[in-house]
1. Show me, for region B:84-100, the HN-Hα J-couplings you get by feeding each phi into the Karplus relation (A = 6.51, B = -1.76, C = 1.60, θ = phi - 60°), rounded to Hz, glycine and proline as x.
2. Can you pull the three principal axis extents for the Cα set of chain A, in Å, largest first?
3. Let me confirm one metric for peptide B:116-123, namely the mean number of other chain beta-carbon atoms within 10 Å of its residues' beta-carbons.
4. Using a Förster distance of 30 angstrom, determine the FRET efficiency expected from the C-beta separation of A:D188 and A:A124, and round it to 0.05.
5. Provide an ascending nm list, one decimal, of label-point separations from B:A124 to the equivalent residue in each further copy; define each label point as 7 Å from Cα along Cα→Cβ.
6. Starting from a label point 7 Å past Cα on the Cβ side, list the distances from A:D188 to the same position in the other copies, nm, shortest first.
7. Just to confirm the numbers: A:A9, label point 7 angstrom along the Cα-Cβ line, distances to the other copies in nm, shortest first?
8. With no solvent and one equal point scatterer per Cα, compute the Debye intensity ratio I(q)/I(0) for the protein assembly as shown at 0.07 Å⁻¹ and report its log10, rounded to two decimals.
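The values are calculated or read from the model by the stated rules, or taken from the named source; none is laboratory data. Fair warning: this is a prediction, and the values are worked out from it, not measured in the lab. Glycine gets a Cβ as well: all are built from the backbone with ideal geometry, and neighbour counts include every protein chain shown. Surface accessibility is based on the protein's heavy atoms, side chains included, excluding ligands, DNA and RNA. Shrake-Rupley method; radii C 1.70, N 1.55, O 1.52, S 1.80 Å.
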Number of protein chains: 2
Amino acid sequence: MPRASAAAAAQTAEEILRSAIRLLAERGFAEVSIDEVARDAGVTRGAVYHHYANRLGLFTAVAGALQAAVARSVVSAAESAGDAPEQQLRAGCHAFLDAITSASTARTLLVDAPSVIGWSIWRAQDAQNSAAELRLALAEVGVEAELVDPTTAQLSGAMNDAALWISEQPDRAAAREAAHRVLDRLIDAILPRTPR
Amino acid sequence: MPRASAAAAAQTAEEILRSAIRLLAERGFAEVSIDEVARDAGVTRGAVYHHYANRLGLFTAVAGALQAAVARSVVSAAESAGDAPEQQLRAGCHAFLDAITSASTARTLLVDAPSVIGWSIWRAQDAQNSAAELRLALAEVGVEAELVDPTTAQLSGAMNDAALWISEQPDRAAAREAAHRVLDRLIDAILPRTPR
DNA sequence: CTCCTTTACGTACTATGTGTATGTAACAGA
DNA sequence: TCTGTTACATACACATAGTACGTAAAGGAG
């Protein structure tokens with residue numbers, strides 16, 4: 001096969017990423033070999049190792065791409081939710097749930113990533129994306145300074161497990177409905193003084 | 001080496017399990033080979049494969065043992081918390097947090113297990129242990145029937161991430177304090193009608 | 001007590017998959 | 001057009017999981 005131009009090279013890199021995203025979503029990190037990703041993308045392992053440092057590097061790229069997509073959804077939802085911090089918090093949280101359950105990204109981001117990349121590293125990376133938004137929103141809404149971090153962690157954990165739970169329910173729409181209702185209660189609890 | 005008696009055999013099986021528990025807690029599933037577990041336990045790989053079906057079988061045994069220990073703590077705390085369902089719920093949740101953060105079991109149970117065993121299988125197994133207690137407690141406390149499952153998932157997720165968060169804080173005692181306070185708020189939100 | 005089967009390992013081998021070293025042809029700038 | 005670099009493919013080395021087989025003692029059955 002003759003060598004590709006710079007543009008073509010970028011495209012093969014992206015095709016490899018696409019294949020990896022799909023295969024990882026279907027069967028998880030442990031069950032997907034580099035050789036299989038390469039075959040699926042129509043290249044050899046050499047091409048994969050040229051574009052990505054190693055198996056972990058490829059996975060990191062996959063996770064990063066998925067995470068960025070989710071973060072974009074969250075941010076855009078929060079922005080179009082008005083100026084009130086509470087509304088932004090709610091909108092962002094619900095958008096997160098919807099984004100991570102609509103595509104089949106939950107398994108990769110919520111199950112594989114912490115294990116493969118390592119929980120603390122993954123969390124640190126997340127803290128520069130959607131978790132940062134959450135942290136900020138919680139602070140703005142009036143959560144006490146010393147409780148902002150544990151609240152971020154717990155609310156984030158609640159949403160993550162909600163997403164995984166939704167993903168395995170037969171009636172996705174109903175499950176999403178119920179999960180959103182529960183999530184709203186948790187947010188109520190976190191807001192300093194909520195009536196109702 | 002001469003063949004061991006039945007009692008001795010049970011002991012080597014347990015030593016293998018101990019070694020696996022420690023090594024997995026320290027470095028995670030991906031970084032621990034069967035050979036290393038065998039060496040640490042003072043046997044060969046043959047012994048490991050005799051007592052456990054394969055690598056996944058060994059890990060499953062490890063996870064099951066840790067999970068059972070946590071479940072015992074939760075049940076005993078809930079039982080000695082009096083008769084009021086709400087008190088049992090609170091006691092159980094706080095006991096779960098303490099149990100899973102006191103030993104170094106958080107990583108194995110919360111990060112590796114869902115990935116290695118598979119999230120849905122793991123959840124199903126958990127649903128017969130501590131998650132079952134939680135589900136029951138939530139139902140007794142008056143959570144609406146159709147919200148019991150998503151509430152179980154989200155509260156469980158909140159506690160899991162709280163545990164992982166605590167595990168990486170330098171000041172464990174303070175972190176635990178803060179996490180418990182946040183957790184109490186979430187429980188408040190879940191109880192049908194809470195004043196205060 | 002004496003077979004005799006089963007247990008509890010150890011050893012040696014196979015298979016799979018990761019990572020690396022190397023080869024090569026074409027792109028892209030000087 | 002000449003050359004360095006890029007974009008792969010190929011071939012190889014190495015680790016580790018799993019399997020097949022060997023063996024000696026344990027623990028009943030008679």
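1. Each residue of region B:84-100 in turn: 5, x, 4, 5, 5, 4, 4, 4, x, 4, 5, 5, 4, 4, 5, 5, 7 Hz.
2. Here the spans come out as 68, 35, 29 Å, largest first.
3. Mean partner shielding for this stretch: 4.
4. Once the sixth-power term is evaluated, E becomes 0.55.
5. So the label point of B:A124 gives 3.7 nm to the other copies.
6. Those label-point separations list as 1.3 nm.
7. Its label point is 6.0 nm from the equivalent points in the other copies.
8. For the protein assembly as shown at q = 0.07 Å⁻¹, log10 I(q)/I(0) is -0.35.
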